[in-house]
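*Asks:* The structure under discussion is supplied below as structure tokens; questions concerning it will follow.
The values are calculated or read from the model by the stated rules, or taken from the named source; none is laboratory data. Being a predicted model, the structure only gives us computed values, none of them experimental. Here Cβ is always computed from backbone atoms with ideal geometry, including for glycine, and neighbour counts include all displayed protein chains.
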Amino acid sequence: MVSDVENPYAPGAGTEPYRLPGRAEAQVWWRRCLTDIEGLGHTTMRGRAFTGVRGVGKTALLRYFEREAGTRGFGVASVQAGGADSVRAYLTDVISGLQRPEPSFTDKHGQIVELGVRVGPVEVGAARDLPDEPPGPPLEIAFFNLISATASAFAARRRGLVVLVDEAQDCDLPSLVSLCRVQHQLRRPAFQLVLAGLPELEDAIDEAITHSDRLFEYRELGNLDRDATREALLEPAAVHGVGWTDDAVDFVIELSEGYPSFVQEYGFAIWEALGSRREIDLDLARAGAEQARLNVARQYRSVWRSVTPAGRDYLTALAAVGGEARTAAVADALGRRPSELTMTLKMLKDRGAVRVPQRGSVAFSRPGMDAWVRDEQG
């Protein structure tokens with residue numbers, strides 16, 4: 001029965017959980033990084049910083065990188081920025097665990113330097129010379145040395161160390177500086193660094209180090225094209241012997257506009273409505289999409305709450321002029337000059353609320369949010 005099958009559109013479902021339609025270039029790049037280290041003992045590839053609004057698959061891509069590297073015997077340190085401790089502390093803990101040797105008896109208990117025995121009544125005494133705790137090097141030097149030594153240890157086995165940082169826009173500045181310096185200073189490294197975060201990550205890297213373009217390639221992850229969206233819908237169902245009609249696929253493509261999070265939301269809800277049927281037709285697709293609308297609306301609401309009052313005014317004006325427009329048209333709707341709204345627009349872009357399809361224009365990042373704003377705020 002199809003209804004007993006795990007939903008193939010759920011995150012991580014199925015035997016191939018990291019199916020990533022539309023991300024072939026990134027996958028090829030990563031396999032080349034790993035192959036270079038295996039074949040040459042080092043990589044000449046720059047690190048990468050993947051940026052994009054929430055829901056475009058940054059975390060899924062990092063999980064693919066983690067899985068591929070781990071399967072091939074690489075050391076993997078994967079962390080998410082933010083929280084009470086610094087990213088450098090998180091990484092130090094993870095990387096130390098990759099190569100931590102077993103402590104010797106002397107390391108743990110000290111060395112016996114004096115032993116005394118007295119008979120009648122029996123008495124035994126001993127003195128230990130406990131290991132000193134010498135002051136360590138400065139944190140940044142210790143961090144560099146740890147990564148260098150660990151990467152070298154893996155390089156001896158024709159493998160390497162990879163560091164993956166998700167939500168990297170929340171990385172504390174000292175940690176980001178340290179990571180950039182490691183990327184800059186290691187020579188012929190069996191090491192690769194990948195950062196992923198919201199669009200503001202680019203500004204954070206520029207603040208951490210000059211000439212960041214020498215260290216990183218920047219890639220913005222956007223919506224899937226029609227072919228990739230079709231693949232994302234058809235393949236998971238086909239694994240379980242379920243097909244789609246052409247009009248049902250076209251309906252979801254148009255509805256989602258290739259936004260990966262919505263493709264998954266609609267796919268998940270449609271599968272839940274499938275029951276024992278073996279084909280997803282237009283009626284079923286519409287019924288499932290209707291069930292998904294609550295979760296889609298929650299995403300809109302989350303974006304709305306994350307921006308400032310001035311940002312909400314901007315989004316309301318953008319919705320009023322159609323959801324995608326010239327920035328000058330949005331400024332006119334607000335009775336302002338475009339130059340007066342530069343910082344508000346930057347904030348909205350950094351928060352992932354809007355995107356810039358081309359110079360001088362602006363659009364909602366999530367399909368359908370313009371209608372939601374008009375309905376909710378009208």
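*Asks:* For segment 196-266, which fully contained helices (runs of 4 or more DSSP H) count at least 3 residues that are touching a residue at least 40 places away in the same chain (Cβ under 8 Å), outside the structural domain of residue 348 (by TED's automatic domain parsing) and within 22 Å of residue 279 (Cα to Cα)?
*Replies:* Result: 226-239.
*Asks:* Oh, and also: Considering only residues that are out of contact with any helix residue (DSSP H, G or I) (no Cβ under 7 Å at 6 or more places or on another chain) and not polar (S, T, N, Q), which ones fall in segment 246-267?
*Replies:* 246, 250, 254, 257, 259, 260
*Asks:* Further, regarding this structure: Could we say that residue 56 is over 18 Å from residue 20 (Cα atoms) and either surrounded by fewer than 17 Cβ atoms within 10 Å (Cβ to Cβ) or touching a helix residue (DSSP H, G or I) at 6+ places or on another chain (Cβ under 7 Å) (or both) here?
*Replies:* For residue 56, the condition - over 18 Å from residue 20 (Cα atoms) and either surrounded by fewer than 17 Cβ atoms within 10 Å (Cβ to Cβ) or touching a helix residue (DSSP H, G or I) at 6+ places or on another chain (Cβ under 7 Å) (or both) - is not met.
*Asks:* Return a yes/no flag: does segment 314-330 have any residue that is surrounded by 19 or more Cβ atoms within 10 Å (Cβ to Cβ), over 30 Å from residue 9 (Cα atoms), touching a Lys or Arg at 6+ places or on another chain (Cβ under 8 Å) and not assigned by TED's automatic domain parsing to the domain that holds residue 252.
*Replies:* yes
*Asks:* Can you tell me which condition residue 305 does not meet? The list is (1) basic (Lys, Arg); (2) surrounded by fewer than 18 Cβ atoms within 10 Å (Cβ to Cβ); (3) touching a residue at least 24 places away in the same chain (Cβ under 8 Å); (4) part of a helix (DSSP H, G or I), and all the others hold.
*Replies:* Among (1) basic (Lys, Arg); (2) surrounded by fewer than 18 Cβ atoms within 10 Å (Cβ to Cβ); (3) touching a residue at least 24 places away in the same chain (Cβ under 8 Å); (4) part of a helix (DSSP H, G or I), the lone unmet condition for residue 305 is (3).
*Asks:* Would you confirm, using the coordinates I've provided, whether residue 311 is assigned to a loop (DSSP other than H, G, I, E, B) and not charged (D, E, K, R)?
*Replies:* So residue 311 does not fit the description; no.
*Asks:* Residue by residue through segment 194-228, note down the ones that are in contact with a Phe, Trp or Tyr (Cβ under 8 Å, 6 or more places away or on another chain) and of a type in the set (S, T, N, Q).
*Replies:* Listed by number, the list holds a single entry, 223.
*Asks:* Ok, one more. Do you know which residues across segment 271-283 are touching a Gly at 6+ places or on another chain (Cβ under 9 Å) and touching a residue at least 24 places away in the same chain (Cβ under 8 Å)?
*Replies:* Of everything in segment 271-283, those that are touching a Gly at 6+ places or on another chain (Cβ under 9 Å) and touching a residue at least 24 places away in the same chain (Cβ under 8 Å) turn out to be 271, 272, 274, 278, 279, 280.
*Asks:* Further, regarding this structure: With the requirement that a residue be touching a strand residue (DSSP E or B) at 6+ places or on another chain (Cβ under 7 Å) and assigned to a helix (DSSP H, G or I), what does segment 141-163 give you?
*Replies:* 147, 150, 151, 154 - these are the residues of segment 141-163 that are touching a strand residue (DSSP E or B) at 6+ places or on another chain (Cβ under 7 Å) and assigned to a helix (DSSP H, G or I).
*Asks:* Restricting attention to segment 343-378, which residues are under 25 Å from residue 223 (Cβ atoms) and either of a type in the set (Val, Ile, Thr) or loosely packed, with under 13 Cβ neighbours inside 10 Å (or both)?
*Replies:* Within segment 343-378, 344, 354, 356, 357, 358, 359, 360, 362, 373, 375 meet the criteria.
*Asks:* I'd like to check something: does segment 94-113 contain any residue that is modelled with pLDDT of 50 or more, over 28 Å from the mean Cα position of the chain (by Cα) and assigned to a loop (DSSP other than H, G, I, E, B)?
*Replies:* yes
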